[in-house]
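> What follows is a structure written as structure tokens; I'll ask about it next.
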Amino acid sequence: MIKVLFVCLGNICRSPMAEFVLKQMVAEKGLADNFEIDSAATEGYNEMCHAGIHHGTRQMLKSMHIPFEEHYSRRIRPHDYAYFDYILAMDDSNIEDIQSLVGMDTEHKIYRLLDFTDHPRNIKDPWYTGNFDRTYEDSVEGCRALLEKIKQEYDL
């Protein structure tokens, strides 16, 4: 089982979007049984409020026919580092926050999602930009590249 965790600041916009995009991709390729895919936040305020997926992310997933289920924000925990094979941050700040919570990345599991693409970069937070279209495009680009890397690495 290949375990993937997407992480952003609040776990209501970017990381759940990437979670459900990758779930759809692996399902379309008949690989869903090989994966466990989840998402988390670096901050705990949305978890304390029991916040669900942001309406902008919900709307984007619906418009792109990406199935999703109810998801509530949760904060990444130190044991997540041992459990997951890939921990995909949305930006450099998320990586710093993840490392402050789980420790140094001694097993080389923490990356930005777009690090596997031809144009590595941060995914901007649509909570601030309002641009959920761009977040979706970046998520698809990153998930495609990640899935190709995993397929090669695990000979899928």
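The values are calculated or read from the model by the stated rules, or taken from the named source; none is laboratory data. Just so it is clear, the structure is predicted and the values come from calculations on it, not from any experiment. Positions of Cβ are backbone-derived with ideal geometry, glycine not excepted, and every protein chain shown enters the neighbour counts. Just the protein is used for accessible areas: all its heavy atoms, side chains included, with ligands, DNA and RNA removed. Shrake-Rupley method; radii C 1.70, N 1.55, O 1.52, S 1.80 Å.
> Write down Rg/Rh for segment 52-110, rounded to two decimals, with Rg from the C-alpha atoms and Rh from the Kirkwood relation over Cα pairs.
1.06
> Give me the number: length gained by fully extending E96 to Y154, i.e. 0.36 nm times residue separation minus the C-alpha to C-alpha distance, one decimal in nm.
Between E96 and Y154, full extension yields 18.1 nm more.
> Long-range amide H contacts for H71: which residues qualify at under 5 Å (H placed 1.01 Å from N, peptide plane, sequence gap of 5 or more or a different chain)?
Those lying under 5 Å, H to H, from H71 are I53.
> Okay, moving on. Based on alpha-carbon atoms only, what is the radius of gyration of segment 1-131 relative to the globular estimate 2.2 N^0.38 Å?
0.99
> I would also like to ask the following. Provide the convex hull volume over Cα atoms per residue for segment 1-63, in Å³.
77
> Please report the orientation-averaged projected area of segment 55-156, defined via the convex hull of its C-alpha atoms, in nm².
If you wrap the Cα atoms of segment 55-156 in a convex hull and average its projections, you get 7.5 nm².
> Let me ask you something else. Which value in deg cm²/dmol, rounded to the nearest 500, describes the helix-derived mean residue ellipticity at 222 nm for the chain, given -39,500 (n - 2.57) per DSSP H run of n ≥ 4 and division by the residue count?
On the way: 7 runs with 72 residues, N = 156.
Taken over the chain, the calculation gives -13500 deg cm²/dmol.
> Turning to a different aspect of this structure: Helix by helix through the chain, keep the DSSP H runs that span 24 Å or more along the axis on Cα and average at least -1.0 on Kyte-Doolittle, and give those back in order. Could you put the intermediate results ahead of the total?
On the way: long enough: 132-154 (32 Å, -0.97).
Sorted by number, the helices that extend far enough and score high enough are 132-154.
> Just the number, please: percent antiparallel of the DSSP beta bridges in the chain, rounded to the nearest 5.
Among the beta bridges of the chain, antiparallel pairing accounts for roughly 5 percent.
> Given R₀ = 41 Å, FRET efficiency for K62-M104 by Cβ-Cβ distance, to 0.05?
Computed FRET efficiency for K62 and M104: 0.55.
> So which GluC sites (Glu not before Pro) in segment 42-89 are both in a DSSP loop and have at most 13 other Cβ atoms within 10 Å of their Cβ?
E69, E70
> What does the accessible area per residue of the chain come to in Å², with a 1.4 Å probe and no ligands, DNA or RNA counted?
Dividing the accessible area of the chain by its residue count gives 49 Å².
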